[in-house]
Structure formats: C-alpha cells, structure tokens
Amino acid sequence: MTWLLYSTLFAALLLNSDAANANERKVHIVYMGDRPKGDFSAKVTHHSMLTSVLGRSSSAQESLVYSYGNFNAFAAKLTEEEVEKFSEMDGVVRVIPNHILKLHTTRSWDFLGLSQSNVGAQLQGDVVIGLLDTGIWPEHESFNDQGLGALPSKWKGTCQGANFTCNNKIIGGRYYNSENRYYEGDLKSPRDSEGHGTHTSSTAAGDRVPLASYYGLANGTARGGVPGARIAMYKVCWSFGCGTADILAAFDDAIADGVDIISVSLGSEFPVPYDVDPIAIGAFHAMKYGILTSSSAGNSGPWPYSVSNYAPWTLTVAASTIDRKFVAKAVLGNGQAFTGLSINSFELYGKTYPLIWGGDAANYSAGASQDLSKYCITGSMNSYKVEGKIVFCEVLWDGSGVLLANGVGTIMADDEITDFAFNYPLPATQISTSDGEKILDYIKTTENPIATILLGETLTDYMAPYVVSFSSRGPNPVTPDILKPDLTAPGVDILAAWSPIAPPSIDWEDPRSVDYNIISGTSMSCPHASGAAAYVKAAHPDWSPAAVKSALMTTATVVDPNKHEDLEFAYGSGQINPAQAIKPGLVYDANETDYISFLCKQGYNTTTVRLITGDNSSVCSSTLNGKAWDLNYPSFSLAVEDGKQIDGVFTRTVTNVGSANSTYTVQMYSPPEFSISVEPEVLSFSTIGEKKSFTVKVSGGFISQQKITSGEIIWTDELEQYRVRSPVVVYNVLPGYTFFPPQTSKFQKKPTTFHGPTTPSMHHKNGILGRN
C-alpha cells in the first residue's frame, strides 16, 4: 500500500510537471564542461552568456542563481525557450534541470571496535568533514568545542546566517536554496529544523556526551567516530528535498573551503549516467583535490540493481545492524504477551485499556469503510469509538490515525518489516501477522477485551551484523564490472544528536522535543563510513581518496554470507573496521587519469568526459568500448552475459604502505562454479611507496541465469601483520547489458527521482531515518 501511494503521488507530480506553463522560469544547470585556463572570471562570463540569451543585463542578474567556481557551469532560472537556446549554443555541453533528490549512536562505534581508547584528538583536529545535509543545530552539546585548538590553517570556509554561530567544532556553515522555496518550519540558515543533518554530523564527528538517551532507551556515552575532527555543514536539503543545483554549489564551496572528507546521505533512486549525476560530478572534482566522497547506497532494498551513488571514485555505503534491537510488549487481558518491534518511549505503568479492532471503528462520515479503518489509515478512524482505547491495526502505519482519533495506543500486525524499529507519537508496537491473528481472535471472542503496551526494552541481537532489508542492493546498475556497494556500516537503530525543533517520531506533527533520537537508514551508515575515512585521513594525511577507500575496503570485517542470499551485492567488501584500516599494508591507488580511462571504455567521448572532469585536457583517444577490469579497484566483479563462459582477466597494482622490507603471498578461495588464479603469487617490496602489479584470472564453464557467487583473494605478509582481502564476484546479466551508456542529448529531459524511504505512511517527513 505504501508503494501504491508513492507511485500515485509520483505519477501525479509528473503529470503536473508536464502541464506546467512553458514560460515559467525553472532552475537549470548550464554546463560548459572544461574551465578555461588562465585569468578567467566565471561570474562575468556566465552573466554575459545569460545577457545574450535573455536580452537585458538586469534580467540576467535576476536569473542567475549560482556561478560555480570549480566547474565551468552556472545555475539560472530559465524558460523552456531559453533552455533550448542555451542547448544550441557553442560551448554548452548540457543543460540539466534542477531535480529534487531526497535524503536517504552510542553503541555503534564500540561495536565496530573503535573504542574511546582508540580515538585521539591531536591529529583529528586537522581533519574537516563536510556534510551535505539538512543543516545542523550548533548549540547541541555534541558539538561542544572544548579542548579543540585553533582552526586548521588551510581552512577558508565561513558561517552564513544571522542566527547561526560557529565555534572550533563547527567551523563552517552554508545554506543553498536555488528554488527559493520555503515551507513552514524551514529556517533560512544552516540551522537544522529536520534533525537529519544534526544526527549525521554527530555520528561522524560528535563530541563525547555521557548519559545520552532517547527517553532512557540506548543510554550511554554518545560520540562520533572522530570526536576531535571539525565539521562543516552545507545545507542543501529542505522539507521538500534537495536540489541538484544546490548540491553542485555545495560541492564547489566544500572543495574551495578545504574539507578533507565529504559525506553525502542522499541520492537518486533511479540509475543515471555519470555525466548527468550531480553527486558523481561533484565527487569527481572533489577527488581531483584529494577529497574522498562517502555516500549512502540508498533505502530501496532489498531489490536488486537499486544501489545509488555507484561511481567508482565514491565510497558507497550499505546499512547493517549492530548488536542491539528495540522491542515493546503488548499484553492482553488474558495474560498473553506478544513482543513486537518498537522504540516505545511511552510508559502506561501497566494500566490496561479497552482494546478494539480498527475495522470496528470506521469513520463512515468521512467516507471510510471497515476495509480501510482496519489499517488505521489517517482520517479513517471514528473518534467516538477509538477515544480512550488501544487499537489493533492490520498494517504498519505511523500511529497518526489512532492519535488523531484520541486513541491511547496501537498494536500493528505486519510482516513486511522485521529487522528495524520505528519510534511513534503514542504507545505502539509492531507484531507479526500470526500474533495479530491471535489478538484479533481474542478481541472477537472476549466480551470486554483489554490490553496494555509496555515501555520499550533493549535486547541483544546476537545475529548482528547483517545488512538490513531496506539497504539498497547491487549489482551496479551502470557499470556491472564495478562491485557496489563498497562496504557496509551501522545504519539500524542509531542514537545520535537531534534538532530540538524537529519531530522525534515518524509522525511529522509530533510536538515533543528531544536532544537525541534513534533512527535507521543508509543515511546513518554513511556518516559512520565518513567518520572512519576521517580517522584514516588523520593517520595518513597524504593518502589519496582512493588509498583511503582501499584501506577501508580491504580491512573490512567479513560478513557472514549465510545470512545474505545476495552476498556482496548486500555488503560489498564487508563491515568497516576503522581501527584496522589505518594499517592496511597494501592499497589499491587510483587517480584522475585512471578514472578518465575507465569512462572512455564505458562509452564516453572527449566531450562527455570533460563534462565530468571540467578539464579540457581530458581526452578519449579510443572510441572502442571495453570492460572495467583494469581500473585499479579494491574488489573484483565479473558480469557474464547469459550463455557465455566465465572468463575474465583483471590487472591490479598495489602500493606498499606497511613495512619497508616485506613479502606478500596470495591465497585464493573460490566456489565450485569458477576458479581464481593470480600471477605472480608472491610480491616482494623493499621500500614504502613501492608499487607491484599482478593479474587475476577468473575462469569457469558456460553459465545462464546464475545468481551471484563469490570468492576472494587475500594478500598476507610473512609476519602476518597485514591481511589485504578483496572479494571476487561472478554473476549473470542479460545479453548486451555490459554498461550504461552516457547521456546523448545536450538537454536532459528525463527527471532524476530520489531515494524513496521505506516508510509506514505518507504522513511524516522523516522516513525510516530522518529522511533517508
């Protein structure tokens, strides 16, 4: 039902968009690709181009939204006719509409093995994490700057807004709204009214705060992975979503400001080529300046090919569980007790209330029926019958239907979500449908049925870690030869800081105010990886983005494949292990030249590659398409067309970052379906920074309709100090599906959509997780 509502709403939005007045000005990004060398004023050039199309300098000034510095591009409000004129103009590579994307922890860092004793502030103080998000609440105790020294000398950022003050912890704050659209509650500053950005910022780099909890649940010391690091907030997301023009502007500023890691918990729900993906383009430019972009995989799982942010120069993060889960019990008048998933912060003190089935409380005056009210849909409930009662509902919802009808609490039966919990605006729990049948039978066979809902409890999840159902899955929808996601990190039931003016539950009208909240999503796993990347960067400030990424991937903790039918398509190389990542032994390094070669083999030409790189020296010397097997990636993916033989040869180069005089020997493990050979099997190094190359051959029989199978190669030094592991996956694809071609038109008309959060209703802003 949730997906039907989303689909209906999205279809209506598309129809309304098609019917819009052609003369209405809408924000578009005009991209020229390569930035001229020498003395070049972007703003003057872009204003001149606008004047030539719009006819007047004053009109050009009113139309211009952003003039990007690191990309030769600008954002402006244009009519359809003006868009066509720019599309035909010499030097313009593409005109892209301003699509709206959506957003995609006490215990979690200890669960990863990064205890407080591992965390030192001295080196971290030079590392800046830039977050593209909903803003931040600067007065929160998680952002206390006590003990932090002066700002890094490299820092060139600023703080915008009259009601927003930075300190030595939050050293930058900017906000972007190219649509100039503000709704009730939106704040025209980097200040956070949604909660999402405050949560992600504190997860990555929040200070240590003892006795943090959500109404007593998850009590402990809240902290980020790198509490000594600095934070810069780039507010690109609002109550309506995140504009692509704003995302590019934020990347532009973050690069110029001097951040070291960029954390992006948002993305597109449908695959788009790299040359029209603002996150891929922004991340490429960041990579050129030595900045790693950590991004969320998306919340569209467990469907295959649903992963987003799949560019090989980004770190793509799935979401997995930690060894903690939240439950709440529903107890009936006959003594039966049922345990359900819930972050229930409400205490009924054991008092029982009348229990009613939602189907017996239809609001007929509002046009509802028993078939609707049994689900407790908002507006379908009869308040005369619901008031003062606990309501049994036959689907997971946000609780607002019962709350607005003056109900006391709700027991919801639903099997669709079984591995993470929501918090609600009233006493609530979600039980299984089989337990729901027992409760319904009790209601129908008891003269005066009663029940109560107990305060939430914290249980140990001994099965952790496993990738949660909503986490988007591979294969990579654009480049099948690049395994995505890259790795997984905690993203389920994460306690972290919260904006005091943001609703604390999935009902966006919940009036309560909290300092900490427990939410789930790849938006929560992404800042864990961002914090881990900052931890590595602090230890190795001269490492490239690819080296930092490689260290995280090759030292990741192996995830139990028996818990995941989709194997590495769920968890990539494994769960991040920050403490181990600072000493990987060997790294798979890559640079701009490597990625350009990769793009050329993926069907991009000189013009479209320059759209991504922004450099007129970028050239595709060959027009032949090829595999991505020679990109120096820390994992191996072999996509085999149906009916073809398993046969792939990968070339890789590793750089020694461990001991100067060392020898590594390879071990190969493969399933019966294929074999792995490596040549040479021994690599000897005499200096730090020395590089050695090797070849991996994956071979087997002819296969069709083969789901993913996987093996691994592991390089180990003679002292067994270092263990460098890479997964090797083999799977079938349809004939001809070897890569996703780049955009061919200069004007991208197909809209990019967004990470659609898996939510129990349309009635809230915060999705699973805040907002994805």
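Heavy-atom accessible surface of the stretch 324-460, averaged per residue, reaches 41 Å², computed with a 1.4 Å probe. In straight-distance terms, cross-link reach from Lys288 covers every one of the aspartates and glutamates whose alpha-carbon lies under 19 Å from its own, apart from those fewer than eight places away in the same chain; here that gives Asp34, Asp252, Asp253, Asp257, Asp260, Asp275, Asp277, Asp542, Asp589, Glu592, Asp594, Asp615. Among residues other than Val468 with Cβ under 12 Å from its Cβ, the summed charge is 0 (Lys and Arg +1, Asp and Glu -1).
A straight chain from Thr446 to Thr665 at 0.36 nm per residue would run longer than the Cα-Cα distance by 71.8 nm. Between the beta carbons of Arg181 and Leu459, assuming R0 = 51 Å, the FRET efficiency works out to 0.75 to the nearest 0.05. For the stretch 324-460, with all protein chains in place and a probe radius of 1.4 Å, 48% of the accessible heavy-atom surface sits on carbon or sulfur.
Listed by chain and number, the aspartates and glutamates whose C-alpha is less than 20 Å from the C-alpha of Lys351, apart from same-chain residues fewer than 8 away, are Glu387, Glu447, Glu457. For the peptides 475-481, 455-461, residues were scored by their other Cβ atoms within 10 Å and the scores averaged per peptide; the highest-first order is 475-481, 455-461.
Report the charge-dipole magnitude of the chain in Debye, nearest 20, computed about the Cα centre from +1 at each Lys and Arg Cβ and -1 at each Asp and Glu Cβ. All intermediate terms of the calculation are to be shown ahead of the outcome.
Values: 55 positive and 76 negative charges, 210 e Å.
For this selection, approximately 1020 debye.
Highest-first packing order for the peptide set 417-429, 654-666 is 417-429, 654-666, based on the mean count of other beta carbon atoms within 10 Å.
The charge dipole of the stretch 22-97, taken about its Cα centre with unit charges on the Cβ of Lys, Arg, Asp and Glu (plus for the first two, minus for the last two), comes to roughly 260 debye.
Suppose R0 equals 51 Å. What FRET efficiency, 1/(1 + (r/R0)^6) with r the Cβ-Cβ distance, do Glu509 and Glu62 give to the nearest 0.05?
Details: r = 37 Å, r/R0 = 0.72.
Computed FRET efficiency for Glu509 and Glu62: 0.85.
The modelled label-to-label distance between Asp560 and Ser675, using points 7 Å beyond Cα along the C-beta direction, is 3.3 nm.
Taking the charge dipole of the chain about its Cα centre, with +1 at Lys and Arg Cβ atoms and -1 at Asp and Glu Cβ atoms, the residue from Pro354, Gly161, Ala368 reaching farthest to the positive side is Gly161.
Can you pick out the pairs among Lys438/Lys563; Lys154/Lys549; Lys627/Lys692; Lys102/Lys537; Lys77/Lys102 whose Cα atoms lie more than 32 Å from each other? If you can, show how the numbers build up before the last one.
Details: Lys438/Lys563 29 Å; Lys154/Lys549 23 Å; Lys627/Lys692 22 Å; Lys102/Lys537 28 Å; Lys77/Lys102 21 Å.
Where the Cα-Cα span goes over 32 Å, no listed pair is concerned, since all stay within it.
Every helix of 4 or more DSSP H residues in the chain counts as -39500 (n - 2.57), and over all residues that averages to -6000 deg cm²/dmol at 222 nm.
At full extension, Asn616 and Asn168 could sit 157.4 nm farther apart than now, given 0.36 nm per residue minus the alpha carbon distance.
The values are calculated or read from the model by the stated rules, or taken from the named source; none is laboratory data. Computed from a prediction, not measured in an experiment: that's the story for all the values here. When we count neighbours, we look across all protein chains shown, and the Cβ atoms used for this are built from the backbone with ideal geometry, even at glycine. Accessible surface areas use protein heavy atoms only, side chains included; no ligands, DNA or RNA. Shrake-Rupley method; radii C 1.70, N 1.55, O 1.52, S 1.80 Å.
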